[in-house]
1. Seen from all sides and averaged, what is the projected area of the convex hull of the Cα atoms in segment 212-305, in nm²?
2. Nearest 20 debye, what's the magnitude of the dipole of the chain about its Cα centre given +1 on Lys and Arg Cβ and -1 on Asp and Glu Cβ?
3. Using each residue's phi in segment 261-274, evaluate 6.51 cos²θ - 1.76 cosθ + 1.60 at θ = phi - 60° and report the 3J(HN,Hα) Karplus result to the nearest Hz, with x for Gly and Pro.
4. Would you rank 570, 238, 349, 171 by solvent-accessible area, highest first, keeping every protein chain in place and using a 1.4 Å probe?
5. Quick one: plug the Kirkwood hydrodynamic radius of segment 371-432 (C-alpha pairs) into Stokes-Einstein at 37 °C, 0.692 mPa s, and report D in µm²/s.
6. How long is the gain from residue 256 to residue 482 if the chain were fully straight, where each residue apart is worth 0.36 nm and the alpha carbon distance is subtracted?
7. What number comes out for the charge environment of residue 138, summing +1 per Lys or Arg and -1 per Asp or Glu over other residues with Cβ under 12 Å away?
8. So, how do all the Cα-to-Cα distances of the chain break down into 20 Å bins, in percent, from 0 on up?
Amino acid sequence: MRVVATAGHVDHGKSSLVLALTGTDPDRFAEEKRRGLTIDLGFAHTVLEPAEGGPPGPTEISFVDVPGHVRFLRNMLAGVGGVDACLFVVAATEGWKPQSEEHLRILELLGLRAGIVALTKRDLVDDEWLEIQTLEVLDHLAGTFLAEAPVVPVSTVTGEGLDHLRRALARLVAATAPAADRGRPRLWVDRSFAARGSGTVVTGTLTGGALAVEQRLRQLPAGREVRIRSIQSHGTARDAVPPGSRVALNLGGVDHDEIGRGDALVVGAQWRPTRRVDATLDVLGSLDHVVSRRGAYAAYLGSGEWPVRLRILGPQSLQPGESGLVRLHLADTLPLVRGDRYVLRESGRGETVGGGTILDVAPVLPASRARPDASTARVVAERGWVLADDLAALTGEEVAPTLERWVVSDAALAAAEVSLRDRVAAAGSLGLDLAALDERERAVLGTLADVRVEGGRARPAAARDELAEHPVLAELLAGGTSPAEPAGVDRATLRELVRRGLVVERDGIHFHPTAIEAAARRVAELLRDEPGGITVSQLRDALGVSRKYALPLVGELDARGITRRRGDVRIGGPRLPDPA
Ligand SMILES: Nc1nc2c(ncn2[C@@H]2O[C@H](COP(=O)(O)OP(=O)(O)O)[C@@H](O)[C@H]2O)c(=O)[nH]1
Ligand SMILES: [Mg+2]
């Protein structure tokens, strides 16, 4: 299914053409019918049967019929987001008019790339006049996305050209890539109403991903949670709808007057709603003044009109026809993503200033330094560390994490590595306590080939390579709490073993580290039975060692905070382990 928006000057025959193509009058309201004027968006759909020269199989097309009158431009803008192509209407009688020009500019700014031009009211002009108007229209289209578009003269009165137009439409949508499915649905609401007996219904053009019945969605900017009770598309009930569809959702959890045009529905976890974005701004060449931060602006984003404050990044102002970078401050929180298009209007003068593409939905640099571009690398570089989920929400692009859950810039990773190596080196033989590190630091530590993590501490890996298997360690281990004087090892090596924490030295006695741990556990047991404290002799007897070993052991336990001296006895210190 494809969605096509009409465009063109008021009274040029847009609504009549939609009626002729679909059998549905898109002018829904009594007032529209009475005044013969489209005020708000109209919707109609049809199935184009396969025709000679067209694609095989039927083509489903939805039309969004927009008002042409300049006073209803905001309604026009609400309707053209998310459409695949346009049906650009120019009356052969009148030719190119101001809203032909303005609509064309807006469609360009919104990034539309496909369309067909219908020269309507063919029955009211002769061949010569038709030719003159055709040439003039082609002149205006030159250099725009419609430069190569088919131009089809039609009449809804005689029916001339309508089959040709149907074939051209079928070919157009067959040649246009279907709406992308990125698994991130977003529905900009263009209408809401209370349907009798079924509560709140909203409609819109679904983009980005599919929706299904029972799905829970977040309504923004309000932040409300709503539930899809049922779905219709083209008047048919569906369990699920793909992106690129015109859809009507029956919602639970919201009254029809609490939701309306401009609201967005998204899966909350997939978006990072924002009130501040960096974007490009292409200023229209037809403007007769510069664009600066002064002025009351409105951005047309999605189906809504949003007041914004404008800050130009870099220069103070932009000339007509110039392109630059801007920061937009919104008053509302919206689910935007890089690549979203917007149109900027100056509310005071009521004129279209230009438009552009959103580059960053969560700029981190101050406006004075921000120079955004569309690259993901820049987003990562400016942040250093960004959760992969966040990056996907910010850019709409899935990026493989660099490290665990994180995408990390080269610079941030290198800085973390340098700092960790320094800290590991500074911690020496004791090792760096992993509990003192945050999640990111622990992740980086795990990647350092020259650091060994063991027992919750990180030490230079070299310690194991050179010395960890030294035979003296086994001798000391076997000696327990009364080890023999180390033999077969020079003083320098012994000092290095001590420095790295592989051997503990106290008062000239060398112990294996496990001896200290065993002594600590034994002390803890003794203190459980005698909480008032124990003497060195009690410990000596309990460990079965001589005074020569007992004194250094107690000294080491004191030094580690496992025990504390009080008068003649030792009591538990802050690091006393739990008794076994
Ligand atoms: N003779 C003739 N009149 C047309 C044709 N198409 C539209 N009109 C008339 O032009 C007027 C404006 O048409 P409408 O579809 O409302 O224009 P819109 O404002 O662009 O939607 C109406 O009175 C239509 O009946 C056509 O092909 N031939
Ligand atoms: Mg109309």
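The values are calculated or read from the model by the stated rules, or taken from the named source; none is laboratory data. Keep in mind it's a predicted model, so treat the numbers as computed, not measured. Positions of Cβ are generated from backbone atoms using ideal geometry, with glycine treated the same way; all protein chains shown enter the neighbour counts. Just so you know, the surface numbers come from the protein's heavy atoms only, side chains and all, with ligands and any DNA or RNA stripped out. Shrake-Rupley method; radii C 1.70, N 1.55, O 1.52, S 1.80 Å.
1. 8.8
2. It works out to roughly 2180 debye.
3. 3, x, 5, 10, 10, 9, 7, x, 5, 8, 10, 10, x, 9
4. 349, 171, 238, 570
5. The calculation lands on 254 µm²/s.
6. Length difference between fully extended and current span is 73.0 nm.
7. The answer is -4.
8. 17, 35, 18, 16, 11, 2, 0
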